[in-house]
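Written below as structure tokens is the structure these notes are about.
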Amino acid sequence: GAVVSQHPSRVICKSGTSVKIECRSLDFQATTMFWYRQFPKQSLMLMATSNEGSKATYEQGVEKDKFLINHASLTLSTLTVTSAHPEDSSFYICSARSWEGEKLFFGSGTQLSVL
Amino acid sequence: QQQVKQSPQSLIVQKGGISIINCAYENTAFDYFPWYQQFPGKGPALLIAIRPDVSEKKEGRFTISFNKSAKQFSLHIMDSQPGDSATYFCAASSNAGKSTFGDGTTLTVKP
């Protein structure tokens, strides 16, 4: 099956710093990538949808200046959490969809801890 | 408004038993219904998926049953194994758009 690589898997940072998370589709071209946030024992909360070469579409209540998303190529999307604070601590997951169909392939997630 | 309702929240099954997880949806425009398996600290992985033009799909020990008129679909795990212990999410989407996820079911298979 298709592989989506997400890095880093875990990051600890100080409050006020910015953190970048990368999501790469390794063996297919991802026309659309999604970013989610997941709290313990809860479902995935969609943060934004990104299409290659265009601006991301953010879900209601998600601060676009806080969570910067870039989808510069068909195989790479990045999420930057700017000026991170402890309340941003969470598990962040990306997923990618190819042009061929509806199947979603997920990254392995990034556990962000802001001290 | 939650568009996909999943139950039960948690499930405990003996090894070799059948695990059944149910989902109900509201939006009749949904045309793709996948199930995902997630282990702690990992991202979800696609398990099996179905379209509304069929009532059942089987892949190994995993079966999806789909009832279009009732707007319900379920995941059946036959001969459940301890390695199946994970969180399972149902989802629904339309026209290859964004997916709506259920709240998840934590399955524990006891040896």
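Nothing in this text is a laboratory measurement; each read-out follows from the coordinates by a stated rule. Because the structure is a prediction, the values reported are computed rather than measured. Quick reminder, even Gly has a Cβ in these numbers, built from the backbone with ideal geometry, and neighbours come from all protein chains shown.
Taking B:G41, B:G17, B:G97 in turn, the Gaussian network model of chain B (Cα-Cα springs below 10 Å) assigns the largest fluctuation to B:G41.
Enter the mean projected area of the convex hull around the alpha-carbon atoms of the protein assembly as shown, in nm², rounded to one decimal.
Details: hull surface 49.5 nm².
If you wrap the Cα atoms of the protein assembly as shown in a convex hull and average its projections, you get 12.4 nm².
Loop-resident GluC sites (Glu not before Pro) (DSSP state other than H, G, I, E or B) in region A:85-115 with no more than 11 further Cβ atoms inside 10 Å of their Cβ: A:E100. Working from the Cα coordinates of region A:5-45, the gyration tensor eigenvalues give, after taking √(5λ), semi-axes of 22, 16, 10 Å in decreasing order. For region B:1-66, a simple Cβ point-charge model (Lys and Arg +1, Asp and Glu -1, everything else neutral) yields a dipole of about 320 debye relative to the Cα centre.
For chain A, give the magnitude of the charge dipole about the Cα centre (Cβ charges: +1 Lys/Arg, -1 Asp/Glu; no others), in debye to the nearest 20. Present the calculation step by step, with values, prior to reporting the outcome.
On the way: 11 positive and 10 negative charges, 47 e Å.
Here chain A has a charge dipole of around 220 debye.
With the charge dipole of the protein assembly as shown set up from +1 on Lys and Arg Cβ and -1 on Asp and Glu Cβ about the Cα centre, the Cα lying farthest toward the positive end among the listed residues A:L112, B:I50, B:F33 is that of A:L112.
What would the Debye formula give as log10 I(q)/I(0) at q = 0.13, 0.18, 0.25 Å⁻¹ for the alpha-carbon point model of region A:1-93, no solvent? Here the Debye-derived log intensity ratios amount to -0.42, -0.82, -1.45. Annotation: for a label point projected 7 angstrom from Cα along Cα→Cβ of B:A45, residues of region B:1-38 with backbone N closer than 15 Å are B:35-38. Each distinct pair of alpha carbons in chain B adds a 1/r term; the inverse of their mean, the Kirkwood radius, is 13.9 Å.
About the centre of its Cα atoms, chain B shows a dipole size close to 100 debye [charges on the beta carbon of Lys, Arg (+1) and Asp, Glu (-1) only; nearest 20 debye].
Using a 4.7 Å Cβ-Cβ cutoff, the cysteines of the protein assembly as shown lacking any partner cysteine are A:C13. Straight Cα distances below 13 angstrom link B:K68 to the aspartates and glutamates B:E26, B:D31, B:D53, B:E56, with same-chain residues fewer than 8 positions distant left out. Residues whose amide H comes within less than 5 Å of that of A:A48, counting only those at least five positions distant or on another chain, are A:W35, A:E59 (H built at 1.01 Å from N in the peptide plane).
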